[in-house]
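*Asks:* Sending over a structure as C-alpha cells; questions will come in a sec.
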Amino acid sequence: MTTLSLFSGPPPAAGAESFRDHTQRLGHRPRGDRALIDTLDRSGLVGRGGASFPVGVKWRSVQSRSRGAAVVIANGAEGEPLSRKDRTLMALRPHLVIDGALLAADAVRASRTLLYIGEAHGAAAAAISRALAERPPAELARLTLLGAPPSYVAGEETAAVNFVNSGVAAPLATPPRPFERGVDGRPTLVQNVESLAHAALIARYGDAWFQSLGRHHAAGTILLTVSGAVAKPGVIEVASGCSVDEVLALAGGVSGKARAVLLGGYFGGWIRADQAGSMVLDPSGLRAAGGSLGCGVVSVLDETADPLDVSARILQHLANESAAQCGPCFFGLRSLSAATTRIAARQADNGDLPQLHRWTAMVKGRGACRHPDGAVAFLQSALNVFEPEFVAAAGARGRRAS
C-alpha cells in the first residue's frame, strides 16, 4: 500500500542525508523555469501546509507579477502541536527541501529566498544549517535561514511575511495577498517545505510519475503524523487517496477501541471512528465529505479518554495562541474556551451549551484573520461528534445541586 517518494532510497546512516548522498541518489538539481510550473499544474500537486491549494497556480500567480524581484519563503514553521512531518522531512532530507526552494526561486524569478524554520525544531534547523554549508557557494549566496517563532499562527503565510517585514509573526488582514504584495512589497511565494520537496522530485521525474503514486484519482504521496491511541505513532508517507484504516494499520493498529479520529490537527475536526476508517485521504474528497486533511494529522482518541476534556484543552490552546488583533478572536475564543472548559469539568453555568452554539455562529467569518474560523470549525466538530457527552456534562452540575 505504501508508495515512498520523499523517503525513497536508503535511509540516511546518521540523521540528515548529506549533499553527496543526495546527489548520488537523485542527481543534480534541474533548473526551474516556466515549463516546470506547467508540469506542476499537470501533476496535481496541491499544498501540504493545510490549504491544499494547487501549487502550479500559486507559483504562476507570483511569476506573472515578479519582474525578477519576487521573494520565496520556504515555510517550515510547523506550529501545529500534533504535527511532526515537516521537521522530520527537514531533519532527514534537507537537501530535497533546499532543491525545491531554489527551483521555486528560479521558476518565479525570485531575487531572495528565505528558509523559514521553526526555531523550536532543533534537529530540523541544525540539519538545514549543515546542508547549507554543503551547497555550492553560488547557491548558498541565494539562501537565508530564518528562525520562525514558536507560535501556532507563525506559519500562516501572511504572518510569515509580516515577521520578515516587521519582526511580528501575526497574520495580516487581506487583501492584498502575499503573491500580490508581500516581503518588502514584492510578490511573495510562501510554500510549505513538503510541497517544495515534492516539486523537487516532480522536476526530476515528471508529472505522470507523480500522478502514478496516488490512488483513487489522487496524485502523489503525503506525509502524515499519526498519534494518539496507536501502537506505533510517528511520521509515515503514504499514497494520497489511501484510507484512514490503511494508515492506522501502518501505525500498528489502534490500541484499545477508537472513539473518534482527529483529522487535520487543531484546525481540522473530529470524525466518529465508525465513519473515519473508510474516509479517503485526498484533500478534495475530504472536503466533499466535510473533513479536512489540513497539515496531515491523524490522531486517534480511544474510549478511555474524555473527549470533552481533550477538546477543551485544544480550544484553550487556540484561544491562547490568538494574535489579539480583533475582538472575535481575542474575546470570542476566550469565552468559547471558558464555557467549554466549564462543561468538560462538569461545572457548567446555566446556558453554557446554548451559548457555545450561538457564539460559534457569531465568531465565524468576523475575525481579522482565519484563526478564529479554524478554532470555531474544530469546536463545531466536537459539538457534533460528542453531542450526547456535551448535553450530559452541561446538565451534570444542576443534577448534583438538586
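The values are calculated or read from the model by the stated rules, or taken from the named source; none is laboratory data. All values derive from a computational prediction rather than experimental measurement. In this analysis, Cβ positions are derived from the backbone assuming ideal geometry, glycine residues included, and neighbour counts consider all displayed protein chains.
*Asks:* Go over the candidates Ala348, Ala339, Ala288, Ala312 one by one and state the one that is of a type in the set (Gly, Ala, Ser) and in contact with a Leu (Cβ under 9 Å, 6 or more places away or on another chain). Spell out how you get there, then give the answer.
*Replies:* On the way: Ala348 fails: in contact with a Leu (Cβ under 9 Å, 6 or more places away or on another chain); Ala288 fails: in contact with a Leu (Cβ under 9 Å, 6 or more places away or on another chain); Ala312 fails: in contact with a Leu (Cβ under 9 Å, 6 or more places away or on another chain).
Checking each option against the conditions leaves just Ala339.
*Asks:* Does region 231-244 contain any residue that is crowded, with 22+ Cβ neighbours inside 10 Å, without any contact (Cβ under 8 Å) to a residue 40 or more places away in the chain and in a strand (DSSP E or B)?
*Replies:* No - not one qualifying residue is present in region 231-244.
*Asks:* In region 91-124, how many residues are farther than 24 Å from Ala70 by Cα and touching a residue at least 24 places away in the same chain (Cβ under 8 Å)?
*Replies:* Of the residues in that region, 8 qualify.
*Asks:* Which one is modelled with the lowest pLDDT among residues in region 59-84 that are part of a helix (DSSP H, G or I) and charged (D, E, K, R)?
*Replies:* Residues of region 59-84 that are part of a helix (DSSP H, G or I), as a first pass: 59-66.
Checking which are charged (D, E, K, R) leaves us with 60, 65.
Working: Arg60: 97, Arg65: 94.
Among them, the one singled out is Arg65.
*Asks:* Condition first: assigned to a helix (DSSP H, G or I) and under 30 Å from Ala126 (Cα atoms). Now tell me which residues in region 16-35 satisfy that.
*Replies:* Narrowing region 16-35 to residues assigned to a helix (DSSP H, G or I): 19-26, 34-35.
Residues satisfying the conditions are Phe19, Arg20, Asp21, His22, Thr23, Gln24, Arg25, Leu26.
*Asks:* Just for region 127-158: of the residues that are in a helix (DSSP H, G or I) and without any contact (Cβ under 8 Å) to a residue 24 or more places away in the chain, which one is nearest to the chain's Cα centre (by Cα)?
*Replies:* We begin by selecting, within region 127-158, every residue in a helix (DSSP H, G or I); these are 127-134, 137-140, 152-155, 157-158.
Applying the additional criterion that residues be without any contact (Cβ under 8 Å) to a residue 24 or more places away in the chain yields 129, 133, 137-138, 140.
Numbers: Ser129: 22, Ala133: 28, Pro137: 32, Ala138: 31, Leu140: 27 Å.
Per the criteria, the residue is Ser129.
*Asks:* Okay, moving on. Looking only at residues in region 272-281 that are in contact (Cβ under 8 Å) with a residue 40 or more places away in the chain and surrounded by fewer than 24 Cβ atoms within 10 Å (Cβ to Cβ), which one is nearest to Val235 (Cα to Cα)? Working first, answer last.
*Replies:* Just the residues of region 272-281 that are in contact (Cβ under 8 Å) with a residue 40 or more places away in the chain, to begin with: 272, 280-281.
This time we only want the ones that are surrounded by fewer than 24 Cβ atoms within 10 Å (Cβ to Cβ), so: 272, 280.
Numbers: Arg272: 22, Val280: 18 Å.
Across region 272-281, the extreme among qualifying residues is Val280.
*Asks:* For region 312-330, which residues satisfy the criterion of being surrounded by fewer than 17 Cβ atoms within 10 Å (Cβ to Cβ) and closer than 25 Å to Glu389 by Cβ?
*Replies:* Listed by number, the residues that qualify are Arg313, His317, Asn320.
*Asks:* If you take the residues of region 282-311 that are surrounded by fewer than 17 Cβ atoms within 10 Å (Cβ to Cβ) and closer than 23 Å to His371 by Cβ, which of them is modelled with the highest pLDDT?
*Replies:* The qualifying residue modelled with the highest pLDDT is Asp309.
*Asks:* Looking at region 214-230, which of the residues that are assigned to a loop (DSSP other than H, G, I, E, B) and in contact with a strand residue (DSSP E or B) (Cβ under 6 Å, 6 or more places away or on another chain) is nearest to Leu6 (Cα to Cα)?
*Replies:* So in region 214-230, the residues assigned to a loop (DSSP other than H, G, I, E, B) come out as 214-220, 229.
Among the residues that remain, those that are also in contact with a strand residue (DSSP E or B) (Cβ under 6 Å, 6 or more places away or on another chain) are: 214-216, 229.
Values: Gly214: 13, Arg215: 17, His216: 20, Ala229: 26 Å.
That would be Gly214.
*Asks:* A further question follows. Does region 304-323 include one or more residues that are farther than 25 Å from Arg259 by Cβ and of a type in the set (A, V, I, L, M, F, W, C)?
*Replies:* Our first condition is that a residue be farther than 25 Å from Arg259 by Cβ; within region 304-323, this holds for 320-323.
Among the residues that remain, those that are also of a type in the set (A, V, I, L, M, F, W, C) are: 323.
For region 304-323, residues farther than 25 Å from Arg259 by Cβ and of a type in the set (A, V, I, L, M, F, W, C): present.
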